[in-house]
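For reference, the structure is listed below as structure tokens.
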Amino acid sequence: MANLDDPYQTLGVARSATPDDIRRAYRKLAKQHHPDLNPGNLKSEEAFKKVSAANELLSDPDKRARFDRGEIDAGGQEQAQGPSYRNYADNAAGRRYSRGGPEATEWSAEDLEGMFGSMFGTGRPRGDGRIRGQDEHYSLTTDFLDAINGAVRRLTLPDGRTLDVKIPVGTTERQVLRLRGQGGAGQGGGPSGDALITVQVNPHTHFERSGNDIRLILPITISEAVLGGPVQVPTPQGPVKMQIPPHSDSGTELRLRGRGVAAHGGHAAGNLYAKLSVVIGTPDAALEEFLTQWKPQVPANPRKSMEERQ
Amino acid sequence: MISIEILIAQNSGLDRRDLERWILNDWVRPGRQSGVFVFQEIDVARVKLIRELRQDMDIDEEALPVILSLVDQLYEMRRRYHALGDAIAETAPDDLQRKLAAHLVMRARGGLH
């Protein structure tokens, strides 16, 4: 889990590098390896993760000083990445940013002729009267977990036919599934059209999806936060055990690698990010008693940053 | 789907005027519902990409449309490439698929011209 590579080496800077040197080195490597500019290139993606983590550590003077003093190692700097453009742009959602606009068909007769020669001019009747049936559009609402894990759902069409629709693992909101030959009937012996099914995904009460990662707020008790300990975490594939490190707090984000959306269609499995949320519940007499007596060695003021801004 | 207010609240440091200019320039293309912008996941991801291009890679707004246009063409090609692969997988007999794959490998090695 921890990335223990030396962040100075990752960025290619000396240990004495100035913040400007670090910024320049990061900028250069980000241009080279940004995964949205290198889609499908796993090497770039891995390199970019390392570079971001190194930058995260070295661009923060406080963290950098602690690293230099050996108080922290290079692990754990990997930030929860926001949504990745490539994950959306690679599928039907990306048509929104096609140059011809979302309605533009992506294959023109010229394209196909360029690729296969004029014998494949499609969409036009071939002169023998055979006309392909129309594509028909439907929508299907699915549960969050079925979209993540994959499922088969039965869809009843307006004409009474039923279709078993396979929802693939990792299906995203508004993804269009194509069922070949399930659309309108062809004419003159032409093939049937396709059924195009737009999937809508219902939200989940605990999980939130971001690309192939899953996020979740994980309530923990005050003693689990202070002392650490094993807890059960729900994941889309069922509960797993996770160790809460001692001295955790509300807002701490823990990662369960590979417990997000399962690997599918060339995408690696996503991660699950559990953000801790300390829940006190109804305090009992012993806790009240303890807190009344308790004099912290270093009094904490969690609202300090708010006061400074005013 | 989220509103422009939520998008800005979720992206600390994102200036509303910058975002509105990007929309005006057609670099970000949110939908509209009852006259207000709504952002799908891809729009949110695109805003993130534009911010990374601007901040992390120091690309100014003069150069940005050139990059976005190339990015859009890259992904359009990738969608076509995937669609072509799907079409071949679904329509071509197995032996034709093997022949195609072998042919492409040969070409890549310079065996065919």
Can you spot the lysines whose alpha carbon is less than 21 Å from A:K304's alpha carbon? Ignore those fewer than 8 places along the same chain.
A:K63, A:K295
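What ratio of Cα Rg to 2.2 N^0.38 Å holds for region A:131-203?
On the way: Rg = 13.2 Å, N = 73, 2.2 N^0.38 = 11.2 Å.
In units of the 2.2 N^0.38 Å rule of thumb, it is 1.17.
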Near A:K241, which lysines are there with a Cα under 24 Å away, not counting those fewer than 8 places off in the same chain?
A:K275
In a solvent-free Debye calculation with one equal scatterer on each Cα, what is log10 I(q)/I(0) for region A:1-79 at q = 0.11, 0.12, 0.16, 0.20 Å⁻¹, listed in the order of the q values?
-0.26, -0.31, -0.54, -0.82
Phi angles of region A:46-60, converted by Karplus (6.51 cos²θ - 1.76 cosθ + 1.60, θ = phi - 60°) into ³J(HN,Hα) in whole Hz with x for Gly and Pro, give 5, 4, 5, 4, 5, 5, 4, 5, 5, 5, 4, 6, 7, 7, 9
Fluctuation leader among A:F48, A:F67, A:F144 - chain A, Gaussian network, Cα springs under 10 angstrom
A:F67
Under 5 Å, built H, 5+ apart or other chain: amide partners of B:G31
B:V38, B:Q40
Over the Cα atoms of chain A, each weighted equally, I'd like the Debye log10 I(q)/I(0) at q = 0.10, 0.13, 0.16 Å⁻¹, rounded to two decimals.
-0.82, -1.14, -1.40
For chain A, what's the relative contact order in percent, using C-alpha pairs closer than 8 Å and at least 6 residues apart?
11
Rg(Cα)/(2.2 N^0.38 Å) for chain B, N = residue count
1.54
How shielded is B:76-83 by partner chains, expressed as the average number of their Cβ atoms within 10 Å of its Cβ atoms?
5
For an R0 of 56 angstrom, estimate the FRET efficiency from the Cβ-Cβ distance between A:Q187 and A:R24 and round to the nearest 0.05.
0.30
Centroid-to-centroid separation of region B:78-95 and region A:27-41 [C-alpha atoms, Å]
27
Under a 10 Å cutoff between Cα atoms, tell me which one of A:L276, A:L227, A:L157 has the largest fluctuation in the Gaussian network model of chain A.
A:L157
Excluding same-chain residues fewer than 8 positions from A:K43, which lysines have a Cα within less than 23 Å of its Cα?
A:K28, A:K31, B:K48
For the protein assembly as shown, calculated [θ]222 nm from helices alone, where every DSSP H run of n ≥ 4 adds -39500 (n - 2.57):
-11000 deg cm²/dmol
May I ask for the Rg/Rh ratio of region B:1-61, computed from Cα atoms with Rh as the Kirkwood radius, given to two decimals?
0.94
Rounded to 5, percent antiparallel among DSSP beta bridges of the protein assembly as shown
70
Need one number: the % of Cα-Cα pairs in region A:193-243 sitting beyond the 11 Å mark.
78
Over all distinct Cα pairs, what is the inverse of the mean 1/r for region A:233-285, reported as the Kirkwood hydrodynamic radius in Å?
13.0
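Mind checking the mean number of beta-carbon atoms from other chains within 10 Å of the Cβ atoms in B:44-51?
6
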What whole-number distance in Å separates the alpha-carbon centres of region A:180-209 and region A:269-310?
49
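Kindly provide the trypsin sites (Lys or Arg not before Pro) of region A:1-66 that DSSP labels as loop, not H, G, I, E or B, and whose Cβ sees at most 16 other Cβ atoms within 10 Å. Please list the in-between numbers first.
Values: sites: A:R15, A:R23, A:R24, A:R27, A:K28, A:K31, A:K43, A:K49, A:K50, A:K63, A:R64, A:R66; in loops: A:R15.
The qualifying sites are A:R15.
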Summing +1 per Lys or Arg and -1 per Asp or Glu among the other residues with Cβ less than 15 Å from A:N41's Cβ gives +2
Shielding of B:67-74 by other chains, given as the mean Cβ count within 10 Å, works out to 3
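Every read-out reported here was derived from the displayed coordinates using simple, explicitly stated rules and does not represent laboratory data. What you see is a predicted model, and the numbers here were worked out from it, not measured in a lab. Note that we place each Cβ from the backbone using ideal geometry, even for glycine, and neighbour counts take in every protein chain shown.
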